[in-house]
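Read the structure below first, then the notes.
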Amino acid sequence: MLARHDGVVVLVAGAVPGERVRARVEKKSRNLIWASVEEIVEPSPARRAPEADPACGGADYLHIDYTAQLGIKSEVIDDAFRRIGKMTIDRVAVEPSPEHGYRMRARLHVVDGRAGFFLEGTHTLCDATATRQLSPGAVDAVHGVLARLNGARGVTSVVISENARATERVVHLEPGTDAIAIDIAGLDVTGITAPEGRGGVRVLAGKATVTDRAGDLFTAESPIPADTAWTRHAASFFQGNRYLTGALVAHVLNNVAGTRVLDLYSGVGLFAVACAARGHTVTAVEGDLVSGSDLAINATPYGSNLRVERAAVEDAMRKLGDVRPDTVIVNPPRTGLSPDALSGVTGLRASAVIYVSCDPATLARDAQKLVAAGYTLASARAFDLFPNTAHVETVATFTRADR
């Protein structure tokens with residue numbers, strides 16, 4: 001939370017907007033001070049007792065009433081557009097999520113054969129189960145795998161990946177293991193994998209992937225055939241919230257203009273497959289080796305209607321000369337669009353650009369450039385994919401009338 005002291009900005013961990021606290025300074029620079037709460041002098045009505053350590057797994061907002069969290073995130077988006085994007089927008093609604101068991105994917109650190117999150121800013125292990133971010137039994141399942149590895153055999157972290165129904169669970173060992181095979185009988189997992197070579201995956205037991213279908217992801221009526229499927233390895237990127245991923249996809253689909261879609265930073269094809277299943281002609285671009293492999297598999301049922309380019313976005317944009325999309329979907333990393341990617345997108349002059357962002361600051365920065373290139377911000381909506389954290393997913397739709 002942000003405060004000011006003698007004209008200097010102070011970032012205060014553990015505070016709530018509007019309350020008065022006594023804080024201890026932990027670090028400072030010329031223009032910024034970092035501090036943490038030591039005493040609540042005048043508490044906010046939105047303060048609540050956290051059910052776990054907010055520093056475990058980075059649950060920064062765990063001490064804040066959930067409805068108030070949504071309001072704060074809406075204000076953060078508004079502030080980013082105003083300060084960084086130099087534009088005033090209507091207050092962005094934030095779609096709420098159940099607070100517990102929402103995560104379909106997480107990385108756990110391994111220390112002395114035990115797995116958990118690190119306390120923020122440290123290498124001290126903390127109990128991931130207590131944060132209730134993961135499905136019941138997920139961490140116990142990881143410990144069962146590690147126990148069967150006889151001391152974890154050099155594993156320093158694991159990625160656990162589940163489908164939305166939690167009927168499939170794959171544990172991916174990092175950096176790998178010298179075990180040739182692992183018996184998963186009696187373990188609450190459907191597969192165990194490890195890295196192999198450059199971008200490869202070695203199956204140690206069971207199945208290497210989990211699969212979600214539209215009928216499971218969409219809590220409301222599915223806008224695409226219910227058997228539309230996304231299969232992915234644990235190492236692949238996929239949206240992490242089992243409750244809101246369908247709503248996110250539905251919102252993107254509702255903002256697609258025309259029939260031709262270019263999906264950049266496609267991952268395993270969350271948006272690309274949904275668009276193809278709805279009858280659009282799609283080109284999907286993904287540079288990550290594992291995600292790109294899953295994307296190619298997920299695209300197979302759609303033939304020429306879903307073309308896959310396995311390359312970095314900047315490289316692919318230089319080779320997509322014949323692609324003239326009506327809509328461009330971008331879902332870049334937290335750093336936002338690179339200058340080359342952004343110029344490539346604006347150069348296409350598509351009727352709509354749908355920007356899916358996990359960082360309001362870089363979204364606002366790129367929004368300003370899109371507007372300068374002739375686009376208008378038509379709508380913005382947010383999804384609380386990571387409740388009890390400072391993170392928020394925002395979807396901004398930009399349109400142009402002079403194509």
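If you restrict to DSSP beta bridges whose two residues both lie in region 266-403, what percentage is antiparallel, to the nearest 5? Spell out each step's value before the answer.
Values: 13 of 21 bridges.
Taking every DSSP beta bridge within region 266-403, about 60 percent pair in antiparallel fashion.
Excluding same-chain residues fewer than 8 positions from LYS369, which lysines have a Cα within less than 19 Å of its Cα?
Partners found: LYS86.
Match the structure shown to one of the listed values (1) 1.00; (2) 0.98; (3) 1.12 of Rg/Rh (Cα atoms, Kirkwood Rh), computed from it, and give that label.
Recomputing Rg/Rh (Cα atoms, Kirkwood Rh) here picks out (2).
Could you please rank ARG232, ARG24, ARG349, ARG213, placing first whichever residue has the fewest other Cβ atoms within 10 Å of its Cβ?
Details: ARG232 29, ARG24 11, ARG349 15, ARG213 18.
With the sparsest Cβ surroundings first, the list reads ARG24, ARG349, ARG213, ARG232.
Evaluate the charge dipole of region 1-47 about its Cα centre and quote only its size in Debye, nearest 20, assuming +1 on the Cβ of each Lys and Arg and -1 on the Cβ of each Asp and Glu.
On the way: 8 positive and 6 negative charges, 39 e Å.
That gives a dipole near 180 debye.
Length gain on complete extension for the stretch ALA49 to ASP315, per 0.36 nm per residue less the alpha carbon to alpha carbon distance?
On the way: separation 266, 0.36 × 266 = 95.76 nm, distance 4.93 nm.
Net length gain for the segment: 90.8 nm.
Calculate, in nm to one decimal, what THR67 and MET87 gain on full extension: separation in residues at 0.36 nm each, minus their alpha carbon distance. Please list the in-between numbers first.
Details: separation 20, 0.36 × 20 = 7.20 nm, distance 2.60 nm.
Taking 0.36 nm per residue and subtracting the Cα distance, the gain is 4.6 nm.
As a test of the formula, what do you get for the chain when each DSSP H run with n ≥ 4 contributes -39,500 (n - 2.57) and the sum is divided by the residue count, at 222 nm and rounded to the nearest 500 deg cm²/dmol?
On the way: 10 runs with 94 residues, N = 403.
Calculated mean residue ellipticity at 222 nm is -6500 deg cm²/dmol.
Among 369-379, 324-334, 269-279, 251-261, how do they line up by average Cβ neighbours within 10 Å per residue, starting with the highest? If you can, show how the numbers build up before the last one.
On the way: 369-379: 16.0, 324-334: 20.5, 269-279: 24.4, 251-261: 18.9.
Output ranking for 369-379, 324-334, 269-279, 251-261: 269-279, 324-334, 251-261, 369-379.
Per-residue counts of other Cβ atoms within 10 Å, averaged by peptide: what ranking do you get for 140-146, 380-386, highest first?
Details: 140-146: 19.9, 380-386: 22.3.
Descending mean neighbour count gives 380-386, 140-146.
Sequence-distant or interchain residues sharing an amide H contact under 5 Å with GLU95, placed H: which?
HN-HN under 5 Å from GLU95: ALA382, PHE383, ASP384.
Amide H of GLY58 versus every other amide H placed in the peptide plane: which residues, excluding those fewer than 5 positions away on the same chain, fall under 5 Å?
Answer set, sorted by chain and number: GLU120.
Quick one: which residues, 5+ away or cross-chain, put their amide H under 5 Å from the amide H of ASN241? H built at 1.01 Å from N.
MET104
Work out from phi, with θ = phi - 60° and the Karplus expression 6.51 cos²θ - 1.76 cosθ + 1.60, the ³J(HN,Hα) of each residue of region 159-165, listed in order in whole Hz, and give x for Gly and Pro.
10, 10, 10, 10, 7, 4, 7
Compare the peptides 289-296, 118-125 by average per-residue count of other Cβ atoms within 10 angstrom and give them in order, highest first.
289-296, 118-125
Could you check what % of the DSSP bridge pairs in the chain are antiparallel, to the nearest 5? If you can, show how the numbers build up before the last one.
Details: 55 of 83 bridges.
The antiparallel fraction comes to roughly 65 percent.
Please give the net charge around ALA214, taking every other residue with its beta carbon less than 13 angstrom from that of ALA214, where Lys and Arg add +1 and Asp and Glu add -1. It would help to have the intermediate numbers written out before the result.
Numbers: positive: ARG165, ARG213, ARG278; negative: ASP212, ASP216, GLU221, ASP227.
Counting the neighbours of ALA214, the net charge comes to -1.
Roughly speaking, what is the centre-to-centre gap between region 10-30 and region 226-299 when only Cα atoms are used, to the nearest Å?
A separation of 40 Å, based on Cα centres.
Calculate, in whole percent, how much of the Cα-Cα pair population of region 348-400 lies beyond 13 Å. Can you show the working numbers first?
Details: 771 of 1378 pairs.
For region 348-400, the share of Cα pairs beyond 13 Å comes to 56 percent.
Using Cα springs under 10 Å in a Gaussian network model of the chain, which residue among ASP216, ASP53, ASP227 shows the largest mean-square fluctuation?
With Cα springs under 10 Å in the chain, the top fluctuation among ASP216, ASP53, ASP227 is at ASP227.
On full extension of the chain, what length is gained from ALA373 through THR300, given 0.36 nm per residue of separation minus the C-alpha to C-alpha distance?
Numbers: separation 73, 0.36 × 73 = 26.28 nm, distance 3.54 nm.
Working it through step by step, the gained length comes to 22.7 nm.
Hey, if you put +1 on the Cβ of every Lys and Arg and -1 on every Asp and Glu Cβ in the chain, which of THR88, VAL158, LEU295 ends up farthest toward the positive end of that dipole?
Projecting each Cα onto the dipole axis, the largest value belongs to THR88.
Quick one: 3J(HN,Hα) in Hz for region 101-113, Karplus 6.51/-1.76/1.60 with θ = phi - 60°, rounded, Gly and Pro as x.
Running phi through 6.51 cos²θ - 1.76 cosθ + 1.60 with θ = phi - 60° gives x, 7, 7, 8, 8, 7, 9, 10, 7, 10, 9, 6, x Hz.
Any read-out appearing in this document is the output of simple, stated calculations on the displayed coordinates, not a laboratory observation. Since this is a predicted model, take the numbers as computed values, not measurements. Counting neighbours? That spans all protein chains shown, and the Cβs are built from the backbone with ideal geometry, glycine included.
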